[in-house]
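What follows is a set of notes on a single structure, which appears directly below.
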Amino acid sequence: MNLVVMASGNGSDLQSIIDAIEEGYIKATVCAVISDKKEAYALERAKKHGIAAYCLPKKELKERFQQELLKLLEKINPDGIILAGCITILDEKIVQKFPNRIINIHPSLIPAFCGEGFYGMKVHKAVYEYGVKYTGCTVHFVDSGADTGPIILQEVVKVDEEDTPETIAKKVLEVEHKVLPYAVKLFTEGKLIVEGRKVRIKG
Ligand code: GRF
């Protein structure tokens, strides 16, 4: 199975997928990494592992960005697309082209602290300010909304009194590095059955 991973930043989530593939935990190939940001370290990680790295700078491409992205994805024609720390919300046309084949990881327990405007550290700052005692991460299929698609897996992280947005981010990311490869593994093994809003895990 050929996967495209999209990432906007450091790419530690991407790395967790690459490592899981190299260890034989996931039986699939990352055939390309696409970033919407030139400076994304994720692109370097891809190159280090001999993976094709594409940069589609959103800032420069502006309204052409989604169209170019669709063209590139159609050319690569992957079996699945993993949004691993990707801040772009994909156009309806892209989502329709790959139904139940696009997976996103979000650093909160959806439906809390999610949707447009909630990404990266903004999520952890909001979690900290609200004073919730638990947060976590969610892996879900992508539909045409922002963080609204069927939930695959969630994992809880406890927020302690001494935590700051930065320590919360670190704790959540550590959990992401386990949950995301597991979700990708299930996906590549055909074990994720989408029934309406719900995802059933086979076997
Ligand atoms: C992760 O917390 C992910 O859930 C969020 O952005 C972060 C990406 O981290 N969307 P990295 O770039 O993979 O290290």
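See the values below:
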read-out: Cα shape, the stretch 1-102, gyration tensor, a/c 1.5 rule; value: oblate
read-out: Mean Cβ count within 10 Å, highest first, over the residues of peptides 27-34, 155-162; value: 27-34, 155-162
read-out: Gain upon complete extension [Y134, M1; 0.36 nm per residue less C-alpha separation]; value: 44.4 nm
read-out: Cα centre as origin, Lys/Arg/Asp/Glu Cβ charges: the chain dipole, Debye; value: 560
read-out: Listed residue (P107, V157, G11) projecting farthest to the positive dipole end of the chain, Cβ model; value: G11
read-out: On Cα atoms only, tilt of 12-22 relative to the major axis of the chain in degrees; value: 60
read-out: Size of charge dipole - the stretch 2-103 - debye, nearest 20, with Cβ of Lys, Arg +1 and Asp, Glu -1, no other charges; value: 280
read-out: Principal-axis tilt of helix 121-130 within the chain, Cα atoms, nearest 10 degrees; value: 20
read-out: Rounded tilt (10° steps) of 65-76 against the dominant C-alpha axis of the chain; value: 60
read-out: Calculated [θ] (222 nm, deg cm²/dmol) that DSSP helices of n ≥ 4 give over the chain, each run adding -39,500 (n - 2.57); value: -11000 deg cm²/dmol
read-out: 18 Å tail of the calculated P(r), the stretch 126-176, as % of Cα pairs; value: 38
read-out: Cα coordinate range in the stretch 2-201, projected on the principal axes (Å, largest first); value: 48, 38, 33
read-out: Length gained when the stretch I87-V194 is fully extended (0.36 nm per residue, less Cα-Cα span); value: 36.1 nm
read-out: Volume of the Cα convex hull of the stretch 159-198, divided per residue and given in Å³; value: 87
read-out: Peptides 50-63, 183-196 ordered by average Cβ neighbours within 10 Å, highest first; value: 183-196, 50-63
read-out: Rounded FRET efficiency, nearest 0.05, which uses the C-beta distance separating Q67 from Y41 and R0 of 22 Å; value: 0.25
read-out: Within-15-Å neighbourhood charge of Q67 [Cβ basis; K, R +1; D, E -1]; value: 0
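Quick note: the coordinates plus some simple rules give every number you see, no bench work behind them. Since we're looking at a predicted model, the values are computed, not measured. Virtual Cβ from ideal backbone geometry, glycine too; neighbours counted across all protein chains shown.
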